[in-house]
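Student: Dumping the structure here so I can ask a few things about it.
The values are calculated or read from the model by the stated rules, or taken from the named source; none is laboratory data. All figures in this text were calculated on a predicted structure; none of them were measured in a lab. Because the Cβ atoms are built from the backbone with ideal geometry, glycine has one as well, and the counts that use them run over all protein chains shown. When the accessible area is computed, the model is the full protein with side chains, heavy atoms only, and any ligands, DNA or RNA have been set aside. Shrake-Rupley method; radii C 1.70, N 1.55, O 1.52, S 1.80 Å.
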Amino acid sequence: MFNSVKKRQSRDNIKIIFAGRGGQGVLTVSSICAHAFLYTGYDVKKSDIKGIARRGGKVISSLIAGEKVYSPKINPEMADIAVILSQDIELALSEDTVLVLPTVEEIERYHKSLNIFCLGKLSALLDIPIRHWEQAIKERFEDGVSGINLTAFYDGRKSAKAQMSII
Amino acid sequence: MKTLLTGNEAVALGAYEAGVLVATGYPGTPATEIIEKISIYPDVYTEWSVNEKTALELASGVSLSGRRALVAMKHVGLNVASDPLMSLAYTGVNGGLVIAVSDDPGMWSSQNEQDSRLYGRIAHIPVLEPSDSEEAYVFVREAFAMSERFDLPVLLRLTRAISHTSTVADVNGKRKEYSKKYTVNTEKNVLLPPFTSERRLSLQRRMEGVRQYIPSSGLNRIENNPPLPPFSKGGKGGLSKNIGDDIGIITSGIAYQYVKEVMPEASVLKLGIVYPFNPQEIKEFARSVKELFVVEELGPFIEDSIRALGIKVRNGLLPEIGEMDQFILGKALMGNYTLTGEICKDNHATLCPGCPYLGVFYLLSKKSIFVGGDIGCYTLAVHTFPDVIDSTLCMGSGISQATGYSLSSGEKAVAVIGDSTFFHSGIPAVLNALYNKANILIIILDNHVIAMTGGQPHIGTGKGLMGYKKKQTIDDCLKGLGVDSVRRVDAYNLKQINHAVREGLSVKGVSAVIVDGECILKKKSDTQFYIDVEKCSFCGSCLLVGCKAIVRSDNSYIITEDCKGCGLCVQLCEKKTIKRQYKNNLCR
Ligand SMILES: Cc1ncc(C[n+]2csc(CCOP(=O)(O)OP(=O)(O)O)c2C)c(N)n1
């Protein structure tokens, strides 16, 4: 009987997992995304795996947003979207999870700003006005860098939109 | 203004706004960021103290003088600080004194899991527990106000999932200075009979004051969810019962969030103050519901207190071990007992490529001798060299354990301890070993930083959160204590380490070797090594040093991008096939 309650609660909120290796900027993009949700007026919670795990390499950050968010915890299989920056990371996702993965060429091309490129891809899937994305990105970076980062962001957004139109 | 803050950031901001003059602590996951975040405000004096006990004692001096002080630490840190804590409840405070402690259910970054709420009961002090960052932010200010009002130190208890989760908080960012006058009060502040007797009685009265204050404090709240209108749930005109609307749940902290997730319709008594309890408040809530559950992480702390009031509580079947979540709670409510919540079982964390500890552990792994380990990055050596460390207990324990082992076995024993741990709690153990004529070799791993918790400075580095401080070398310290045989060696020179360890082991009495090598995460290197695959005889000697940058490829070994150019493997390669290259000139 409690199951039905649980499902109803969690269906309303959007759940995103960000994963990658240390140094790829996983936490940077999950933080930008959380702020973009905040500026749009959503409740949002974000948890990062920290501690010893960091030294081993895998970095995972999970984000939940919606009208009201209670628990900050999700299972990978509950994720609506998974943004995975490193191809060797395995997560027990469900078949319904939408994957945001860079291609091999994109990994080479975007290198240091691959995280922001993938954030751009993610942005095409979410109902967040573009000005809130820009605000969140600009606040995160020093002025000089934001130009470059916004380019990577728009490239990602465009590539995702193009893909979506093919489907 | 609405903003996203982690629980730790919220505590820092709340304390800043509350006019805290001094914030002290010692690093420890998941509490470290509290002190790091408050250190950005120039009007707060912040320091990494040498250990948690000194951090709390210093803060209590600030409180005596009439200003507010915050102390932050992880759960095991509170054990170290527990001695002053117990007595501070007796003396009470002048300016507010708040101790923020973060527990680590599931042991993600700790040697054990503990429930710091219990300190409220042992010490007789109030314990506040927030459920998210906004509450953490508000509760800190309330904790300072309560501390002054009831003349008690106040514990603010967090857990990993609160400390490290960003949630939305409405903050104002305005600071209000606080100061009170100091007046001499021997009978209050000197704990000596006959004053102790009155302080003990006064403590009882002060805690009774807190108990009476709880209902009006606004820290606890009852959430009675409006029942859904009848007929709303499918049944053909029949009155269908809403799920959980006659169930009452008492909960606090992060567990509250899981309750809202799983049983949104239940009535909830959400405790913001988890010690002491107001019996009347609990009894009234219990009377208003048909069935009462207590939902809490780590063990029946609230539940036991409620049972002690003679109130019937349904057995919640919650695990007493590990971190809880809504899934475990859901199962428990359906009658499925799970023994443990989520527990960290990660065995991937090993010493980094190029770590200055690799060489000495490689050499120790070839000896069969008792090695008393300690807490720090070097504990990770057990994943690289399985049998090299015989024990790891708590900070500062290795030297005394080696002393004990040597005493009973009659053999020389080794203790391995990090630089910060040496200053934190190793020094009394060295003195004890000298005093009692122990026969041990102390190996101090001097990586010039507190590495495990993210690279904080300590007295051995001469730096602090607010710039340059006094620097103390371990060598001088050891010599001052009375250790005659002290050798400092280069962490990347295997011959040197080997020689020093051999000499150290031959000394009858207490000897020391300081292995000097800066943490590799702090170092920039312009060289890397590569293996000449044509000449590699595939003997595997280079692997013995345990560096993760060396991997197997077909019929040879190769050195990956992760190489930091430390050169340890070169010293083991018999065929001399490992060559140096400069990074801007990589031939691979
Ligand atoms: C009483 C206590 N306080 C804090 C910690 C958290 N802690 C674990 S390892 C560590 C660092 C020890 O530093 P150091 O001895 O220099 O070793 P390193 O990590 O640099 O190798 C700390 C502070 C703890 N486990 N126990």
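Student: With a probe of 1.4 Å, find how much accessible area segment B:358-516 has per residue, and write the answer as a whole number in Å². Kindly include the intermediate steps, with their values, before the conclusion.
Tutor: Working: 6480 Å² over 159 residues.
Per-residue accessible area for segment B:358-516 comes out at 41 Å².
Student: Right, here's the next one. Whole number please: convex hull volume per residue, Cα atoms of chain B, in Å³.
Tutor: Measuring per residue, one finds 208 Å³ for the Cα hull of chain B.
Student: What does the buried accessible surface come to for A and B, summed over both chains, with the probe at 1.4 Å? Round to 100 Å².
Tutor: On the way: alone 9880 and 25780 Å², together 32450 Å².
The A and B chains share an interface burying roughly 3200 Å².
Student: On the protein heavy atoms, probe 1.4 angstrom, tell me the percent of accessible surface of segment B:33-81 carried by carbon and sulfur.
Tutor: On the way: 920 of 1560 Å².
So the carbon and sulfur contribution to the accessible surface is 59 percent.
Student: Gain in length, residue B:437 to residue B:179, computed as 0.36 nm per residue apart minus the alpha-carbon separation, to one decimal in nm?
Tutor: 87.9 nm
Student: Now, a different point. Distances over 41 Å make up what percent of all Cα-Cα pairs in the protein assembly as shown? Intermediate results must be reported in sequence, preceding the final value.
Tutor: Numbers: 111524 of 284635 pairs.
Above the 41 Å cut-off, the protein assembly as shown has 39 percent of its Cα pairs.
Student: Using just the Cα positions, wrap segment B:371-460 in a convex hull and report its mean projected area in square nanometres, one decimal place. Numbers along the way, then the final one.
Tutor: Values: hull surface 22.4 nm².
The Cα convex hull of segment B:371-460, projected and averaged over all directions, gives 5.6 nm².
Student: Still on this structure, I have one more. Residues of segment B:158-207 with accessible area at least 40 Å² lower in the all-protein-chain context than alone (1.4 Å probe)?
Tutor: For segment B:158-207, once contacts with the other chains are taken into account, B:164, B:165, B:166, B:168 lose 40 Å² or more.
Student: Next up: For segment B:456-520, which trypsin sites (Lys or Arg not before Pro) pass both filters: DSSP loop (anything but H, G, I, E, B) and at most 14 other C-beta atoms within 10 Å? If you can, show how the numbers build up before the last one.
Tutor: On the way: sites: B:463, B:469, B:470, B:471, B:479, B:487, B:488, B:495, B:502, B:508; in loops: B:469, B:470, B:471, B:508.
Taking segment B:456-520 and a limit of 14 other Cβ atoms within 10 Å, the loop trypsin sites (Lys or Arg not before Pro) found are B:470, B:471, B:508.
Student: Ignore the peptide's own chain and count Cβ atoms of other chains within 10 Å of each Cβ in A:71-78; give me the average, rounded.
Tutor: Values: counts 16, 10, 13, 3, 3, 0, 0, 1.
Partner Cβ neighbours, averaged per residue: 6.
Student: Calculate, for residue A:162 and residue B:334, the FRET efficiency according to 1/(1 + (r/R0)^6) with r their C-beta to C-beta distance and R0 45 Å; round to the nearest 0.05. Show your work: numbers first, answer last.
Tutor: Values: r = 46 Å, r/R0 = 1.03.
Computed FRET efficiency for residue A:162 and residue B:334 comes out at 0.45.
Student: Which whole-number percent gives the relative contact order of chain B, counting Cα pairs below 8 Å spaced six or more residues apart? Write out the running numbers ahead of the final one.
Tutor: On the way: 1287 pairs, mean separation 62.2, N = 588.
Over chain B, the number comes to 11 percent.
Student: Here is a follow-up. Please give the FRET efficiency for residue B:524 paired with residue A:131, using the beta carbon to beta carbon distance and R0 = 30 Å, rounded to the nearest 0.05. Show your work: numbers first, answer last.
Tutor: Values: r = 39 Å, r/R0 = 1.30.
It comes out at approximately 0.15.
Student: Related question: Would you be so kind as to list the residues of segment B:343-368 that have their accessible area lowered by at least 20 Å² in the full protein complex compared with their chain by itself (1.4 Å probe)?
Tutor: Listed by number, the residues meeting the 20 Å² cut-off are B:346, B:349, B:352.
Student: Moving on to the next point. Using a 1.4 Å probe on the protein chains only, how many percent of the accessible area of segment B:358-516 belongs to carbon and sulfur?
Tutor: Details: 3420 of 6480 Å².
That share works out to 53 percent.
Student: Now, a different point. Given a Förster distance of 22 Å, report the FRET efficiency between residue B:170 and residue B:281 from their Cβ-Cβ distance, rounded to the nearest 0.05. Walk me through the intermediate numbers first.
Tutor: Details: r = 27 Å, r/R0 = 1.21.
In this case the efficiency is close to 0.25.
Student: Can I ask one more? In nm, what is the difference between 0.36 nm times the number of residues separating residue B:391 and residue B:411 and their Cα-Cα distance? Mind dumping the intermediate values first?
Tutor: Numbers: separation 20, 0.36 × 20 = 7.20 nm, distance 1.66 nm.
Length gained, residue B:391 through residue B:411: 5.5 nm.
Student: Determine the alpha carbon to alpha carbon distance for each of A:58/B:548; B:2/B:74; B:523/B:564 and list only those over 18 Å.
Tutor: Working: A:58/B:548 15 Å; B:2/B:74 28 Å; B:523/B:564 9 Å.
In this structure, B:2/B:74 exceed 18 Å between Cα atoms.
Student: Need one word for segment A:13-166: rounded, prolate or oblate. Basis is the Cα gyration tensor (sqrt eigenvalues a ≥ b ≥ c); a/c below 1.5 gives rounded, then a/b vs b/c decides.
Tutor: Working: a/c = 1.25, a/b = 1.10, b/c = 1.14.
Rounded.
Student: Sticking with this one: I need the Kirkwood Rh of segment B:358-516: take the reciprocal of the average 1/r across all distinct C-alpha pairs and report it in angstrom.
Tutor: Values: mean 1/r = 0.0648 Å⁻¹.
About 15.4 Å, per the Kirkwood formula over Cα pairs.
Student: Might you tell me the accessible area per residue for segment B:51-122, computed with a 1.4 Å probe and given in Å²? The partial results should precede the final answer.
Tutor: Numbers: 1850 Å² over 72 residues.
On a per-residue basis, segment B:51-122 sits at 26 Å².
Student: Now for a separate question. Where the Cα atoms of segment B:305-421 are projected onto their three principal axes, how long is each span, largest first, in whole Å?
Tutor: Here the Cα extents, ordered largest to smallest, are 58, 35, 25 Å.
Student: Would you rank A:133, B:108 by solvent-accessible area, highest first, keeping every protein chain in place and using a 1.4 Å probe? Display every interim value, and only then the final one.
Tutor: Numbers: A:133 0, B:108 50 Å².
Sorted by accessible area, descending: B:108, A:133.
Student: Quick check on segment B:81-189: take the gyration tensor over C-alpha atoms, sort the square-rooted eigenvalues as a ≥ b ≥ c, and tell me if it's rounded (a/c under 1.5), prolate or oblate.
Tutor: Values: a/c = 2.83, a/b = 1.29, b/c = 2.20.
It is oblate, given that a/c is not under 1.5 and a/b is not larger than b/c.
Student: Please give me the summed charge of the neighbours of residue B:401: other residues whose Cβ is under 10 Å from its Cβ, Lys and Arg +1, Asp and Glu -1. Working shown, then result.
Tutor: On the way: positive: none; negative: B:374, B:390.
Around residue B:401, the charge tally is -2.
Student: With the dipole of segment B:527-585 worked out from charges on the C-beta (+1 for Lys and Arg, -1 for Asp and Glu) around the Cα centre, which of B:557, B:538, B:569 lies farthest toward the positive end?
Tutor: Ranked along the dipole, the leading option is B:569.
Student: Using a 7 Å offset from the Cα along the Cα-to-Cβ direction at both residue B:121 and residue A:107, what is the distance between the two label points in nm, to one decimal?
Tutor: 5.3 nm
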